Every structure is written in C-alpha cells, then in structure tokens.
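Encoded as structure tokens, the structure appears first; notes follow it.
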Amino acid sequence: SDVCSSDLLVGPPGTGKTLLARAVAGEAGVTFFSISGSEFVEMFVGVGAARVRDLFEQAKLKAPCIIFIDELDALGKARGMGPMAHEEREQTLNQLLVEMDGFDPRIGVILMAATNRPEILDPALLRAGRFDRQVLVDRPDKIGRLAILRVHAKQVALGPDADLEVIAGMTPGFSGADLANIINEATLLTVRRNKELVGLPELQEAVERVVAGLEKRNRVLNKMERERVAYHEVGHALVALSLPGADPIQKISIIPRGIAALGYTLQLPTEDRFLMTRTELENKIAVLLGGRIAEELTFGEASTGAQNDLVKATDIAKSMVKAYGMSEKLGAITLERERQPQFMQIQLSQEKGDYSEETAREIDCEIRRIVDEQFARVKRLLGEQRAALQAGATMLMEREVITGAELKTIMENQSAGR
Ligand code: ZN
C-alpha cells in the first residue's frame, strides 16, 4: 500500500541506513530532513511533540522532500516498555502517528525511518498506512564487502600484494563501517612501519584489530559454527521448498545479524494472511524443525542454536490444541479465551485455564503428538534430501548468501541425478 510511502529501513548498526536514505534524496534531487529519534526523547515534556509538528510543517513547505528519522526505536518504543515509560516519549510518538495519518500522498513528502531493533517498536507504528513496508539493510555478503573495500581503498596507495579479495573472505559479519575501519587501521600501521604502500600484512593485521574490537559487539562465527549454521539454515529452507503451499524462500544467509540470529532463512508470504488451515500450521512447524533435524542428520546431535525454533514450533502446536480446536482427541473446543484475532500474535497465558488436570494432561499429550508427527515427517523428508542438503550447505558456506531459487535448482539436480 502506497498510502504514504513510508519505508522503515531495518538492519544492524553501520550498514549504511542513513547513507541509503540520503542517497534516495540525492537521486531524486529533493531536500533531505534528518533527525534522530533520541533527539526527541531528551527534550522537555511537550517539546518533542512540537518538534515533530514543526518538522512536518517545514517539510510540507519544502515538498517534494524526504524526512528521515534515525533510531526510530528511541522514540517509538512500545508504550509502557523500559524503565522510562515516560510521558514525553508517548506524546512525541502520538504526534508522529497523527502526522503520519494526516499525510496527503499528493504533496510529495516521503517519510523514511531506520532502526536496528524493529521488534521493540510500538505496534501502532507498523500498522497499515504507517511504517508497513520494511526494507532489510543487511550486512554485506562477500561480493558486497569486496566492493565496499574497493571504494574505501581508493583513497590509499595499495601495494601490489594487497589483495582485497582475501580481506573480503576474512570478514563475514562485518558492516560497511567496520570495513572502512580496516582500511583506516591498515593505513595507520603502514605509516607506523615507515612504508609507503599498504600491503597485505597490514590489511590482515587491521582485520585482527577490528575483530578484537568487534568480538564484544557482534558474533563472528568460527569455522565449525559456520558449518553448523549453514546446514541448519539449508534444513529449514529445504523443508519449506518441499512442502506445497509453504511461503516462498527469498534467501538464506549465514551472515550473522545481531546477537541472537547466527543465520537466517528469509521466508516471505506472498500475501497478507489472516486465516490458516491445519495443514499450513503443521507445515510451519515442519519448517521450524528443519534446522534442528538437519543438524542431527549431519553432525549426529543438535546444538543450542535451535532453541528459538523449538519455542515457536511448540507455541504453534499449543495454539492448535488449545485455541483452534484442531486436535482430534480434544475436539473442536477452545480452552483459551480473550485471544487477539491475528493468529501469530498470540501470547499464551501462563495461568492455568479452567479445565481439569486430566484435560491438562491430554493437552500436553496432543501438543507432543503434533510436534512428534512433524519431527518424524521432516526426518524422513530431509533423509531423502541429504545430497541436496550437503550441496546447498556447501554453496552457502562458500557464498554466505544464496537465494531460494538457487537452492531449488540444487534440489532438482540432485533428485534428477538419483
Ligand atoms: Zn533455525
């Protein structure tokens, strides 16, 4: 929906979200207004809201133009979250929502914002017609890193041995800002060594220095971890590609993002969904289990990396039994009340429902049965696809990012060769 053309750029720090927004304005030849969410929050009560109003007033006068709000999370944290659930932020946020809703798309003001923590944003900000379109600005892959290194290296004199491809290969998980830092560090080392040209040893040492600084900030995976993550992610993707009607796989990546996700499989629905059938829910569980089972098949045992998947799979099974009456044993009854209509946003209450202990035991059994059935199904499925699993994981380790279409080709070639 292009009601107000509001894009939310989502990605880790240092990946150039601000640069991208600025480039969009430059490309379009329009005025660029930029402000950071944290600037609003430091203000006195009432000032932040007035500032938002002013900003939009000015923008309307200068239209066509782009308003860019960096660190949207500082301003748009879910209400009541954190120690400072303070009035000021709430007023400022409300004003922003008012401005967004009052947007007339014809005047040509485009709103863009950036965050590295979309999960903590107030859901009101993400509703249709507001920031309903998210653009992933990810850490670069190997080819991207090489291109970024080349741009920054233009300003320094490189020696003949300074192979930037080697450096690109050494730096999975690095952001654009981190790569710029490597060139800087290498230049400093070169000067300190009284050399004129930046050589490979300086670049390599610079990588180590930047890594040491990064280790606290991001995860940089070792070789064995990378291998495991590659098999895990290809496991998810192969299951999704094998099940009819599953959401298509966009891409599979082992470029680490943030603290939690070591790799990820980007599976996007082709349309907004408000209803799901039992088969679709079972398929969702199967896809979630694919990562763990791929690890088990390949390495003989699972790792802690699958925990989040298991939590999600169990939650879906729980909802099927308790909320949607999709368990044959318990029948079409709902054992949970006051649910939100949107199925994936369910928070299962921890308190005991108004049912007997016997029913509680049956619920547990049914949840277990649903997950176990999918576990067996995925184990069979991936067992048959082992060649594709291995070929896909090898390609992913090599390239760090592969598309769903590429994995599909691998799958088809493997089954044709059998
Ligand atoms: Zn997973």
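Values quoted throughout were computed directly from the atomic coordinates according to the rules given, and no laboratory measurement underlies them. Note that the structure is predicted; figures quoted are calculated from it, not measured. Backbone-built Cβ (ideal geometry, glycine too); neighbour counts: all protein chains shown.
If you rank R89, R386, R130, R106 by fewest surrounding Cβ atoms within 10 Å, what's the result? Could you put the intermediate results ahead of the total?
Details: R89 25, R386 14, R130 20, R106 7.
Lowest to highest Cβ neighbour count: R106, R386, R130, R89.
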Identify all aspartates and glutamates with a Cα-Cα distance to K62 below 13 Å; exclude those on the same chain that are fewer than 8 residues away in sequence.
D54
Tell me, what ³J(HN,Hα) does each residue in region 359-369 have, in order and in whole Hz, if you take phi through Karplus 6.51 cos²θ - 1.76 cosθ + 1.60 with θ = phi - 60° and put x for Gly and Pro?
4, 4, 5, 5, 4, 4, 4, 5, 4, 4, 4
What distance in nm separates the simple spin-label points at D54 and E357, each placed 7 Å from Cα in the Cβ direction?
6.5
Determine, for each peptide in 114-127, 169-182, 286-299, the mean count of other beta carbons within 10 angstrom over its residues, then list the peptides with the highest first.
286-299, 169-182, 114-127
Label-point separation, E280 to T31 (7 Å along Cα→Cβ), nm:
4.5
Can you list residues from other chains, or at least 5 along the same chain, whose modelled amide H is less than 5 Å from the amide H of L158?
V198
In terms of Cα to Cα distance under 23 Å, which lysines are near enough to K223, apart from those fewer than 8 places away along the same chain?
K142, K251
Inter-site label distance for D161 and A128 at 7 Å from Cα along Cβ, in nm:
6.2
